[in-house]
Amino acid sequence: MGTPVKPYKKSELGKKEQVAKMFDNISPKYDFLNHFLSMGIDIQWRKKVVKMIAKTEAKYILDIATGTGDLAIAMSGLNPDKIIGLDLSEGMLKVGREKIKAKNLDSLIDMIQGDSENLPFEDNTFDAITVSFGVRNFENLEKGLKEIHRVLKPGGTFIILEFSQPQKFPMKQLYSFYSKHILPTFGKMISNDSSAYTYLPESVEAFPYGKKLLRIIKKTGFIGEKAKELTFGISTIYSSVK
């Protein structure tokens, strides 16, 4: 898959450590920037994931790369027994815990710091696992997916929501201009991290999407893998089963 794209090109830290540092840096402004720069459409994308999880009637759910917990909080209405949100960034988790406390969801949602490639759970633990805008940040994609497969129960559902790349005119050209010029400019102004919102479009461009990602999902042990493009291909939902 070539050389991994990293947030801080001059840093000697590995991708995993750089990603944690980047999200720690932008965590105070992350929610605002996320919704502002996507014009709120990311909320609608997550609702589609929630609807898919609802059909599984999952009781024990793991949300990897949970960030500030938006998807975990959105899934709280599905009447699960427990949701665990896991993320590398303690800064993001801190913001998420405050949101969860404000919504009185402390007893339902646990937010823990952890590594998606070394999950601290027993085999066959979860009924459903989600990753929204996080697999792109894995240092070793296949290792992370194999770990997810390991802790998912047989018959359990795995759903990825991730950015992809529009291919049709004029969305392809508009998206390219927006991601390379508008997004980094506003991101730098508001987050005070000059690398974070340059890393985003670079990581999207380098990441395998569509059929390529489906092949990797299948290779790591999942079955019934499907992809559904959203908003002209700006993002994609990938679903599969163990």
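See the values below:
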item	result
D63 long-range amide H proximity, modeled H, under 5 Å	I84, G85, L86, T130
Note, ³J(HN,Hα) from phi for the stretch 108-123, Karplus 6.51, -1.76, 1.60, rounded to Hz, x at Gly and Pro	9, 10, 9, 10, 10, 7, x, 10, 4, 8, 9, 5, x, 9, 6, 4
Kirkwood-Stokes translational diffusion coefficient of the stretch 129-242, alpha-carbon pairs, 4 °C, 1.567 mPa s, µm²/s	86 µm²/s
Principal axes of the chain: Cα extent on each, largest first, Å	43, 39, 35
Directionally averaged projected area (convex hull, Cα atoms, the stretch 1-130), nm²	9.1 nm²
Whole-Hz couplings from phi, Karplus 6.51/-1.76/1.60, listed for the stretch 83-94; x for Gly and Pro	10, 10, x, 10, 8, 6, 8, 5, x, 5, 5, 4
Out-of-range pairs (alpha-carbon distance over 30 Å; input K29/K59; K47/K168; K10/K219; K48/K101)	K29/K59; K10/K219
Integer Hz, Karplus 6.51/-1.76/1.60 couplings in order for the stretch 27-36, x for Gly and Pro	4, x, 10, 4, 4, 4, 5, 4, 6, 5
Trypsin sites (Lys or Arg not before Pro) restricted to the stretch 130-212 and DSSP loop, no more than 11 other C-beta within 10 Å	K168
Taking the C-alpha atoms of the stretch 77-164, convex hull volume expressed per residue in Å³	115 Å³
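Quick note: the coordinates plus some simple rules give every number you see, no bench work behind them. A quick note: this is a predicted structure, and the numbers were derived from the prediction, not measured. Positions of Cβ are backbone-derived with ideal geometry, glycine not excepted, and every protein chain shown enters the neighbour counts.
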